[in-house]
Amino acid sequence: MIKFFRKIRHRLLSENKFSKYLIYAIGEIILVVIGILIALYINNLNTEKQDAITLNGYLNNIAENIKSDQINLEKISVFRDSSIIGSMYFMTMIEQESKDQYKIYFSKYFNYNPWLDESFQSNQSGFEALKNSGYLNKIHQTDLETQLYKYYSLVQKIKDEEQSLNNFMEEMEYDMYKNNIVQKTKLIIRKLFKNIETPDDINQLQQILNYPAFVGSHSRNSGTKYMNDLYKELMIVNENLMAEIEEITKG
């Protein structure tokens, strides 16, 4: 093709047809420009396609993280519900001072005691990878970006609330261990379930259960319904975010 155009230029110059040569030269320049523009257009299409594939990869990773979060949310919600019910039972129990209620509490509700260091664990690896990649600007000012920041801001809020709660419970637990409350309780509970407890054991147990750290832990824990409200809010954002990701990755 290049040889063909070169021959035409030589023939026009040899025939001293400068005006025709000039028109031809301009036409050739236009063809070259058109070729460059077409090449750039194709290159841009390929780049955009590759960018879309890469972005979808990040979004799919986030979607997998969110699915994992959903499972963890359901687990922590069940625990928190049971723990609150147990603490509410405890607060009623210490007022009534019933040996049978003591047995019910320690056999049924103590498995969800407030000193268990339970918290919602969110996998944020996909979102962190997206931020570090520079591809976050590909979804700038979109509903997806809004939902992403809303989701992970709420995750952080939950983390802070749970950390505050767990720190309080650790202080109460440390106080009880330091003052030998836990060890005394274990001994009496063993007697209680073997039905060999004495009236003195029951009196001592009543005093232990009314110990400030014991009561304080359950009192604080019984009022943590707000944690489940946060979990439910996150579940709603979770569903909205999944819908946004699915719409983009399938598009």
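Could you list, in sequence order, all residues of the stretch 110-142 that are aliphatic (A, V, I, L, M) and either open to solvent by 60 Å² or more (accessible area, probe 1.4 Å) or touching a Leu at 6+ places or on another chain (Cβ under 9 Å) (or both)? Quick ask: steps written out before the conclusion?
Just the residues of the stretch 110-142 that are aliphatic (A, V, I, L, M), to begin with: 116, 129-130, 136, 139.
Selection gives LEU116, LEU130, LEU136, ILE139.
Give the residues of the stretch 125-158 that are basic (Lys, Arg) and either modelled with pLDDT of 95 or more or in contact with a helix residue (DSSP H, G or I) (Cβ under 7 Å, 6 or more places away or on another chain) (or both), sorted by residue number. Before you say what the answer is, go through the steps one by one.
From the stretch 125-158, those basic (Lys, Arg) are 131, 138, 150, 157; that's our starting set.
Correct list: LYS138, LYS150, LYS157.
Of the conditions (1) farther than 25 Å from ALA213 by Cα; (2) free of Cβ contacts under 8 Å to residues at least 40 places away in the same chain; (3) loosely packed, with under 15 Cβ neighbours inside 10 Å, TYR152 satisfies every one except a single condition; which number is it?
(3)
Under 8 Å by Cβ, and 6 or more places apart or on different chains, what pairs join a residue from the stretch 96-112 that is at positive phi and part of a loop (DSSP other than H, G, I, E, B) with one that is open to solvent by less than 70 Å² (accessible area, probe 1.4 Å) and not acidic (Asp, Glu)?
GLU97/GLN206
For the stretch 159-177, check the following and say yes or no: at least one residue is over 27 Å from SER122 (Cα atoms), surrounded by 14 or more Cβ atoms within 10 Å (Cβ to Cβ) and of a type outside the set (D, E, K, R).
Within the stretch 159-177, the first condition is being over 27 Å from SER122 (Cα atoms), and the residues that meet it are 174-177.
If we keep only those that are surrounded by 14 or more Cβ atoms within 10 Å (Cβ to Cβ) too, we end up with 175-176.
So of that shortlist, the ones also of a type outside the set (D, E, K, R) come out as 176.
Yes, that holds for at least one residue.
Pairs needed: first member in the stretch 187-208, free of Cβ contacts under 8 Å to residues at least 40 places away in the same chain and polar (S, T, N, Q); second member anywhere, open to solvent by less than 40 Å² (accessible area, probe 1.4 Å) and in a helix (DSSP H, G or I); C-beta distance under 8 Å; at least 6 residues apart or different chains.
Listed pairs, sorted by first residue: GLN204/ILE188.
Can you name the residue in the stretch 61-109 that is basic (Lys, Arg) and closer than 30 Å to TYR211 by Cβ and, of all such residues, is most open to solvent (accessible area, probe 1.4 Å)? Spell out how you get there, then give the answer.
The first filter runs over the stretch 61-109 and keeps only residues basic (Lys, Arg), leaving 67, 75, 80, 99, 103, 108.
Now drop any that are not closer than 30 Å to TYR211 by Cβ, which leaves 80, 99, 103, 108.
Numbers: ARG80: 7, LYS99: 82, LYS103: 50, LYS108: 118 Å².
Going through the qualifying residues, I end up with LYS108.
Could you check SER98 against (1) more than 23 Å from TYR151 (Cα to Cα); (2) among the small types (Gly, Ala, Ser); (3) modelled with pLDDT of 90 or more and say which number it fails?
Every listed condition holds for SER98 apart from (3).
The values are calculated or read from the model by the stated rules, or taken from the named source; none is laboratory data. On a predicted model such as this, the values are computed, not experimentally measured, just so you know. Positions of Cβ are backbone-derived with ideal geometry, glycine not excepted, and every protein chain shown enters the neighbour counts. Please note that ligands, DNA and RNA were not included when accessible areas were found on the heavy atoms of the full protein model with its side chains. Shrake-Rupley method; radii C 1.70, N 1.55, O 1.52, S 1.80 Å.
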